[in-house]
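Written below as C-alpha coordinates is the structure these notes are about.
The values are calculated or read from the model by the stated rules, or taken from the named source; none is laboratory data. All figures in this text were calculated on a predicted structure; none of them were measured in a lab. Backbone-built Cβ (ideal geometry, glycine too); neighbour counts: all protein chains shown. SASA here: full protein model, heavy atoms, side chains in, ligands and nucleic acids out. Shrake-Rupley method; radii C 1.70, N 1.55, O 1.52, S 1.80 Å.
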Amino acid sequence: MTDKLEMMIDEALNAEERALLRSVGAEPGYFKQVWGVFGGEIGWVSWLLMLFQILMFAASVYAAIRFFNAADTLEALRWGLPSATLLILAAQTKMLMWPTLQANRVIREVKRLELQLARREN
(Lines give C-alpha, C1' and ligand atoms only; values in the text may rest on other atoms or scores of the structure.)
Protein backbone atom coordinates (compact mmCIF):
# COMPACT_ATOMS: atom_id res chain seq x y z
CA MET A 1 0.00 0.00 0.00
CA THR A 2 2.82 2.38 0.84
CA ASP A 3 4.52 1.81 -2.52
CA LYS A 4 1.27 2.52 -4.37
CA LEU A 5 0.77 5.72 -2.37
CA GLU A 6 4.33 6.84 -3.05
CA MET A 7 3.83 6.21 -6.78
CA MET A 8 0.66 8.29 -6.77
CA ILE A 9 2.42 11.14 -4.96
CA ASP A 10 5.40 10.95 -7.33
CA GLU A 11 3.12 11.11 -10.39
CA ALA A 12 1.34 14.17 -9.01
CA LEU A 13 4.55 16.11 -8.49
CA ASN A 14 6.20 18.28 -11.08
CA ALA A 15 9.96 18.05 -11.74
CA GLU A 16 10.93 20.83 -9.32
CA GLU A 17 8.97 19.30 -6.46
CA ARG A 18 10.43 15.87 -7.20
CA ALA A 19 13.94 17.26 -6.97
CA LEU A 20 13.07 18.98 -3.69
CA LEU A 21 11.66 15.80 -2.14
CA ARG A 22 14.63 13.75 -3.37
CA SER A 23 16.98 16.25 -1.68
CA VAL A 24 15.20 15.50 1.60
CA GLY A 25 15.84 11.82 0.93
CA ALA A 26 15.00 8.77 2.97
CA GLU A 27 15.53 8.47 6.68
CA PRO A 28 19.26 8.28 7.42
CA GLY A 29 20.75 5.20 9.01
CA TYR A 30 21.22 4.76 12.75
CA PHE A 31 24.91 5.72 12.86
CA LYS A 32 24.32 8.81 10.73
CA GLN A 33 21.58 9.85 13.16
CA VAL A 34 23.89 9.31 16.13
CA TRP A 35 26.62 11.45 14.59
CA GLY A 36 23.97 14.11 13.94
CA VAL A 37 23.46 14.42 17.70
CA PHE A 38 27.07 15.56 18.07
CA GLY A 39 26.63 18.46 15.65
CA GLY A 40 24.67 21.67 15.74
CA GLU A 41 24.40 24.34 18.40
CA ILE A 42 24.19 21.97 21.36
CA GLY A 43 26.47 19.26 20.02
CA TRP A 44 29.04 20.16 22.66
CA VAL A 45 26.66 18.88 25.34
CA SER A 46 26.59 15.46 23.67
CA TRP A 47 30.39 15.45 23.44
CA LEU A 48 30.65 16.36 27.12
CA LEU A 49 28.18 13.64 28.10
CA MET A 50 30.11 11.07 26.07
CA LEU A 51 33.38 12.16 27.72
CA PHE A 52 31.87 11.63 31.17
CA GLN A 53 30.36 8.34 30.03
CA ILE A 54 33.76 7.09 28.90
CA LEU A 55 35.39 8.24 32.16
CA MET A 56 32.70 6.51 34.25
CA PHE A 57 33.05 3.32 32.23
CA ALA A 58 36.85 3.33 32.60
CA ALA A 59 36.55 3.93 36.36
CA SER A 60 34.01 1.10 36.65
CA VAL A 61 36.36 -1.28 34.82
CA TYR A 62 39.22 -0.27 37.14
CA ALA A 63 37.02 -0.78 40.21
CA ALA A 64 35.80 -4.14 38.83
CA ILE A 65 39.38 -5.34 38.42
CA ARG A 66 40.12 -4.30 42.00
CA PHE A 67 36.90 -6.06 43.09
CA PHE A 68 37.88 -9.35 41.50
CA ASN A 69 41.38 -9.11 43.01
CA ALA A 70 40.05 -8.33 46.50
CA ALA A 71 41.26 -10.60 49.28
CA ASP A 72 38.53 -10.01 51.84
CA THR A 73 34.82 -9.15 51.83
CA LEU A 74 35.15 -5.55 52.98
CA GLU A 75 37.62 -4.73 50.23
CA ALA A 76 35.38 -6.46 47.69
CA LEU A 77 32.44 -4.31 48.82
CA ARG A 78 34.62 -1.20 48.76
CA TRP A 79 35.37 -1.76 45.04
CA GLY A 80 32.31 -3.72 43.89
CA LEU A 81 29.62 -1.22 44.79
CA PRO A 82 31.30 1.77 43.09
CA SER A 83 32.01 -0.42 40.05
CA ALA A 84 28.37 -1.42 39.67
CA THR A 85 27.13 2.12 40.33
CA LEU A 86 29.51 3.67 37.80
CA LEU A 87 28.61 1.07 35.18
CA ILE A 88 24.90 1.79 35.62
CA LEU A 89 25.49 5.55 35.42
CA ALA A 90 27.62 5.14 32.28
CA ALA A 91 24.85 3.12 30.61
CA GLN A 92 22.19 5.66 31.57
CA THR A 93 24.33 8.53 30.30
CA LYS A 94 24.62 6.80 26.94
CA MET A 95 20.84 6.32 26.83
CA LEU A 96 20.33 10.07 27.22
CA MET A 97 20.88 10.38 23.45
CA TRP A 98 17.91 8.20 22.48
CA PRO A 99 15.20 10.82 23.13
CA THR A 100 17.20 13.28 21.02
CA LEU A 101 17.32 10.77 18.17
CA GLN A 102 13.55 10.31 18.40
CA ALA A 103 12.98 14.08 18.46
CA ASN A 104 15.14 14.46 15.35
CA ARG A 105 13.08 11.77 13.59
CA VAL A 106 9.84 13.56 14.46
CA ILE A 107 11.23 16.91 13.26
CA ARG A 108 12.32 15.30 9.98
CA GLU A 109 8.84 13.84 9.42
CA VAL A 110 7.18 17.17 10.24
CA LYS A 111 9.38 18.85 7.62
CA ARG A 112 8.37 16.18 5.12
CA LEU A 113 4.69 16.84 5.91
CA GLU A 114 5.26 20.58 5.51
CA LEU A 115 6.67 19.94 2.04
CA GLN A 116 3.66 17.85 1.12
CA LEU A 117 1.25 20.50 2.42
CA ALA A 118 3.10 23.23 0.53
CA ARG A 119 2.79 21.12 -2.62
CA ARG A 120 -0.97 20.78 -2.15
CA GLU A 121 -1.44 24.52 -1.62
CA ASN A 122 0.12 25.34 -5.00
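With the simple spin-label model, which puts each label point 7 Å out from Cα in the Cβ direction, the residue 58 to residue 94 separation comes to 1.6 nm. Probing with 1.4 Å while keeping every protein chain in the model, the per residue accessible area of the stretch 30-122 equals 76 Å².
Sorting 107-114, 42-49 by their mean Cβ neighbour count within 10 Å, with the most densely packed peptide first, gives 42-49, 107-114. Using r as the Cβ-Cβ distance of residue 38 and residue 73, and R0 as 35 Å, what FRET efficiency do you calculate, to the nearest 0.05? Step by step, r from the Cβ atoms, then E = 0.25.
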